[in-house]
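The values are calculated or read from the model by the stated rules, or taken from the named source; none is laboratory data. As the structure is a prediction and not an experimental result, all values here were calculated from the model. Counting neighbours? That spans all protein chains shown, and the Cβs are built from the backbone with ideal geometry, glycine included. Only protein heavy atoms, including side chains, enter the accessible area calculation; ligands, DNA and RNA are left aside. Shrake-Rupley method; radii C 1.70, N 1.55, O 1.52, S 1.80 Å.
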Amino acid sequence: MRKWHRWLSVLFGAFLLWIAATGVLSHAASLWPTGETAAEELARTTPPAGFVCPEGWRCRPPAPQGGLAPYTGFIHHLHSGEEFGLPGTIIAILSGLALVFFTVSGMWLYVQMWRGRARRGARPRWFWR
């Protein structure tokens, strides 16, 4: 299991780093300040007089246009692999599955080391030096 864990981490490490970085950028872009003042923001998000949201619709104010907000769609396409077509989407799916494998195999390796330490007579601790 250790050999698979190491080899797959070398293969998928760059893809997982890419997915993590674009995911952080995607959230940072939505939180980035737009530079509008509070009065301008309130005026832009207030619906016109007499406006009623139709039944079953989800009415919300338009998305902010300043800062990194215009790039959120592009960043999301990079994050999901859609920007690179079908191969990019397949790599993104495989990277997600690899992350699940790394989680399970890493826990498996940790439990094996913990059991081995207990078999040797050492005090079984959750963390050791």
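Can you give the FRET efficiency to the nearest 0.05 for LEU94 and THR45, using r as the Cβ-Cβ distance and R₀ = 35 Å?
The formula returns an efficiency of 0.30 here.
How far apart, in nanometres, would the label points at LEU17 and TRP114 be if each is projected 7 angstrom from Cα along the Cα-to-Cβ direction?
My value for the distance between the label points is 3.0 nm.
Along the Cα→Cβ direction, 7 angstrom out, place labels at HIS27 and VAL10. What is the inter-label distance in nm?
3.2
Taking all protein chains together and a probe of 1.4 Å, list LEU109, LEU94, LEU8 from the most accessible to the least accessible. Kindly include the intermediate steps, with their values, before the conclusion.
Numbers: LEU109 20, LEU94 80, LEU8 45 Å².
The ranking, largest first, comes out as LEU94, LEU8, LEU109.
How big is the accessible area of ARG2 in square angstrom, nearest 10, if you roll a 1.4 angstrom probe over the protein chains?
Rounded to the nearest 10, the figure is 100 Å².
Excluding ligands and nucleic acids, what accessible area in Å² is computed for VAL10 using a 1.4 Å probe, to the nearest 10?
110
Can you give me the solvent accessible area of PHE84 with a 1.4 Å probe, rounded to the nearest 10 Å²?
120
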